[in-house]
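Comments concern the structure below.
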Amino acid sequence: MSGFSSQELLAIFAMQGFAGVSFFSVLLLMALGLAIIYGQMRVINMAHGEFMVIGAYATYLCSITFGALPGMMDYYLFIAIPIAFGSAFIVGYIVELALIRHLYHRPLDTLLATWGLALIMQQGFRSAFGAREVSVAVPGWLRGSYRPTMMIDIPLNGIAILVLTLLVTLGVWWFLYRSRWGLRVRCTTANRDMSGAVGINTKRVDRITFALGCGIAGIAGAAFTTISSTGPTSGSLYIVDTFLVVVFGGAGSLVGTIASAFSIAQAQSLMEFFLGSSMAKVLTLLTVIGILLIRPEGLIASKVRR
Amino acid sequence: MNIMNSLYRLFQGRHGSLGSILLLAIILMVVMPMMFDIYRLNLAGRYLTYAFVALGLVLCWGYGGILSLGQGIFFGIGGYAMAMFLKIEASDPVSTSIQSTPGIPDFMDWNRLTELPWFWVPFNSLTLTIIAVLVLPAAFAYLIGFAMFKRRVSGVYFAIITQALAVVLTILIIGQQGYTGGINGITDLRTLHGWDIRDDSARYLLYYLNAILLIGCLLIGRWVLNCKYGRILSALRDKEDRVRFSGYDVANFKIFIFCLAAFISGIGGAMFTLQVGFMSPSFIGIVPSIEFVIFAAVGGRLSLVGGVYGALIVSFAKTMFAEAYPQLWQFLIGAVFIVVVLVLPYGLASVYGRYGRRLFTPVKDWFSKRKANSSGASAGLKEKRS
């Protein structure tokens, strides 16, 4: 570090910090969905990354269809995000109906079954879109960058993703803590039998919750396309990180998930500059595992009695 | 008399009937060498090294309830320990004289290292290498197990953390190319103490060594499950709190079975390196580690020999299908995962338990009848005498 002046160091921290913010956004969007699914139903969804890829491919298809129309290129993202959400939501709904429903109370088995699902989905993508990675044309208004000083250069699409993530997080918070549905979801998490007894259709709650978690992964996919290209196996690269985010944050806690996504993304991005990406990743993962050993319940433990 | 008694007790027990192990031994040692040519037999030997890991998973996942998604770590440690020894032997100063520093492995030379790193030095000696193969995986498992089980980390958290550890190890090996050979792994392994491990006779010998070691590990696993420890292990899988309240230190029991599984996996890794002639990080990460779990799941997580059959069947199916229809294979293996979990949680062994056993009942009846007759006859003889 001695080779840099203090001003340069500041600029590096600002820019790497902001590169971390894009990573943070995708990680948080993925983790939100997974935290809902795991916190609510104790289902380990190893296919979560593939739901993200569904969203990414949906965005790609949108960009192709709307890119052909004149004048629509700049605005397709606003159509693509709901479509990405919707397609992942529908697939998630079907998967719950066909597979997950039979596996409640067997968390380790959901892990294996959804891994099989992930393999099938990956091969499905490969058959449908080819093994090559596809990338989406970024609209003109997202291409520039914001320069507060001479040395700091922040790309606009990073800011856009951050805004999107904040909106989705707010939406999830509103859904879970301020809506009628959220009340039912939290009720079912707290005590399933009792919720059934007071007239909540717990099976329906499960189904909607799972589908919603998958839908949010779809939005993560839409955000993912603006920072990287999409291949059939893009999702599996994120799954381990996402799980660590959820476990590290304390399952079932929204604030914990945000805090852990932020710290993991920032730690990795800042260390990346000084140590190289592989060592940064190793150190981050080891630190997280180390902290988890000291605090197995995660950063913020949920107060639900089990 | 006492020895006879304890010997007899060794062959009794509820878990893993000796007949099934004997049958497996016959299949491995007699049937397969007769059916296959040397190429296929070598392939089978390679799959049998996966069976070591599957056997370890049957012990710690099926009976202990500890699902580890990082068994590739221990397979890898065993394999790399053996590969390091073979690599040092393969890069003697004469055959590496074109390098800028002769006498060190080629990938180190490419990465401008000028001498052997300190952790490679012990692998100059075969004795130390064998000790490393036997001790290192278990020691590593002890570290992981001690850290986790003492903190009462279990179930899903344990699975995810071991998976993350497998990722860490893979990234570390790929990143530190100069020390580990990087993503290509350690290749070009030819001789063990001057003995060519690649010609046909060596392959036969290694295959048999592998099969004998596997049967030995099966017997160890069987013995562990049938003594008192095995009972406690199943008890803590089913009702951990109750075992804890009865005064047992649950963590130590879990650590032991996890270490045993790692020890067995490490032997498998070393045999893999010997039979295949290389070792690479692609046998450590997430995908192979989950594949090991599928072997155990397909064979039957509660059946010792099931893991071996699972490894053989799935791997052979993979080779045959993946050569002909690589796309179909991924769909198929994904479907197998789902079907096994949904319909057959106890794998092929449960199918045998439900239907196959009937095939053998006539044979068993015949045997027991004969026994009853002969014992009846001898009893009659005794009566006459008295």
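Key figures
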read-out	value
Among A:84-94, B:75-85, B:111-121, A:218-228, the order from most to least packed when residues are scored by Cβ within 10 Å on average	B:75-85, A:218-228, A:84-94, B:111-121
Residue-level accessible surface for A:LYS281, protein heavy atoms, 1.4 Å, Å²	40
Accessible-area ranking of A:ARG132, B:ARG190, largest first, probe 1.4 Å	A:ARG132, B:ARG190
Spin-label model distance (nm) - B:PHE146 vs A:ARG143, 7 Å beyond Cα toward Cβ	5.9
Chymotrypsin sites (Phe, Trp or Tyr not before Pro) restricted to DSSP loop in the stretch B:210-318 with at most 16 other C-beta within 10 Å	B:TYR248
Solvent exposure ordering (accessible area, 1.4 Å, most first) of A:HIS48, A:HIS102	A:HIS102, A:HIS48
Label-reachable residues, the stretch A:182-222, where backbone N falls under 17 Å from a point 7 Å from A:ILE64's Cα toward its Cβ	A:222
Linear extension gain, B:ALA139 paired with B:ASN111, 0.36 nm per residue minus alpha-carbon span	7.1 nm
Solvent exposure, largest accessible area first (probe 1.4 Å, DNA, RNA and ligands not counted), of A:MET271, A:MET52	A:MET271, A:MET52
Span from the the stretch B:146-178 Cα centroid across to the the stretch A:117-131 one, whole angstrom	28
Protection-proxy order for peptides B:137-143, A:242-248, each taking the mean of Cβ atoms within 10 Å per residue, highest first	A:242-248, B:137-143
Cβ-derived FRET efficiency at R0 25 Å, A:SER229 paired with A:ALA98, nearest 0.05	0.20
Theoretical FRET efficiency, 1/(1+(r/R0)^6), r = Cβ-Cβ of A:LEU10 and A:PHE175, R0 35 Å, to 0.05	0.35
Alpha carbon convex hull of chain A, volume per residue in cubic angstrom	147
Taking the convex hull of Cα positions in the stretch B:16-343, its mean projected area over all directions (nm²)	17.6
Inter-chain Cβ neighbour average for residues B:282-295, partner chain, 10 Å	2
Where a label projected 7 Å from the Cα of B:GLN177 along Cα→Cβ would reach, residues of the stretch B:103-120 with amide N under 15 Å	B:106-113
Per-residue average of Cβ from other chains inside 10 Å of B:329-337	6
Computed FRET value (nearest 0.05) for A:ILE79 with B:VAL121, which takes r as the C-beta separation and R₀ as 45 Å	0.10
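The values are calculated or read from the model by the stated rules, or taken from the named source; none is laboratory data. Model, not experiment: these values are computed from the prediction. As a convention, Cβ positions derive from the backbone with ideal geometry for all residues, glycine included, and neighbour counts pool all protein chains shown. When the accessible area is computed, the model is the full protein with side chains, heavy atoms only, and any ligands, DNA or RNA have been set aside. Shrake-Rupley method; radii C 1.70, N 1.55, O 1.52, S 1.80 Å.
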